Structures are given as C-alpha cells and as structure tokens.
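Below is one structure, written out as structure tokens; comments come after it.
Each value in this text was obtained by applying a stated rule to the coordinates, not by laboratory testing. Computed from a predicted model, the values in this text were never measured in an experiment. Cβ: placed from backbone, ideal geometry, glycine included. Neighbour counts: every protein chain shown.
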Amino acid sequence: MYNSISQEIELIATEIVDAAFSVHSQLGAGLLEKIYETCFCYELEKRGLNFQKQVAVSIEYDGEKLKDAFRIDVLVEDKIICELKAVNEMNSIYDAQILTYLKLTGKRLGFLINFNVPLIKNGIKRVIL
C-alpha cells in the first residue's frame, strides 16, 4: 500500500490547480496547447514554483538506456507531472499515458489538464500512483 501524499506535495498541487483555473478564466477554451502551456508556466512562476517544460525522459528498454524516450509537458518542483491538453474529447489513452509517465519516473502525483472545456473543473484530472 502506498503512503499518502505529503502535505508539501498537496500544497504544490493546490497551486497547480489554481494556476490552471487562472489560465482558463483569462483565455477560455479553443486555443492551441502550446499557448496554454506558456501561460500555465507563467502562472506557476508567479506562484514561486520551480518547473521544467518539455522534459526529456530516458528509459531502460531491453537492457539499454534510450535517451529522450518521451517528454513530460511540465514537471513542477521535480515532484508533480502535468500533462496538458487542448482537445475536444479526452481519451483513455491520456489516462494510460500519465500513469505510465508516473511509473517510469517514480513520481506519485500527476495532473491531466484539458483546457478545451467550458468549465476547467471538468478538465482537471488528478492521478495518484
């Protein structure tokens, strides 16, 4: 059984959700993912959070280390993975994607955030491993 998420990570998570709400309230739906990513990172920065965009992750496969196997949209405080979308409909493959990213990186918490929704609360999915 996994331990609960630490208070520190919960506080960061709250800031992430707040940042997503701020971006969506100012921009609404209908833009490209890259625009949301840029504004989301700006909001994280305003909140004093450290983050990295488009983080290349290597994996071990068949006994070999393969560089740049996948990219994380935004990694916050080296603890929480944020996968951003701007799609009309969420697909179960996105759920599988973030779960796999969490497993391969050893992170416990991730957010799948779809900005292309009328209400952002319906576009944020919290994923715990």
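Report yes if Gly123 is closer than 22 Å to Gln7 by Cβ, surrounded by 12 or more Cβ atoms within 10 Å (Cβ to Cβ) and touching a strand residue (DSSP E or B) at 6+ places or on another chain (Cβ under 9 Å), otherwise no. No; evaluated as a whole, the condition is false for this residue. Filtering the stretch 24-75 to residues that are among the hydroxyl-bearing types (Ser, Thr, Tyr) and within 24 Å of Asp95 (Cα to Cα) leaves Tyr36, Thr38, Ser58, Tyr61.
Tell me which residues, restricted to the stretch 83-120, are surrounded by 13 or more Cβ atoms within 10 Å (Cβ to Cβ), in contact with a Gly (Cβ under 9 Å, 6 or more places away or on another chain) and under 23 Å from Ser22 (Cβ atoms). Selection gives Glu83, Lys85, Ala86, Met90, Ile98, Leu112, Ile113, Asn114, Phe115, Asn116, Val117.
In the stretch 83-97 there is no residue that is of a type outside the set (S, T, N, Q) and at positive phi. When Glu64 is tested against (1) more than 22 Å from Lys34 (Cβ to Cβ); (2) surrounded by fewer than 19 Cβ atoms within 10 Å (Cβ to Cβ); (3) under 12 Å from the mean Cα position of the chain (by Cα), only condition (3) is not met. Sub-7 Å Cβ pairs linking a first residue in the stretch 85-110 that is under 15 Å from Arg71 (Cα atoms) and in contact (Cβ under 8 Å) with a residue 40 or more places away in the chain to a second residue that is loosely packed, with under 13 Cβ neighbours inside 10 Å and basic (Lys, Arg), at least 6 apart or interchain, number zero.
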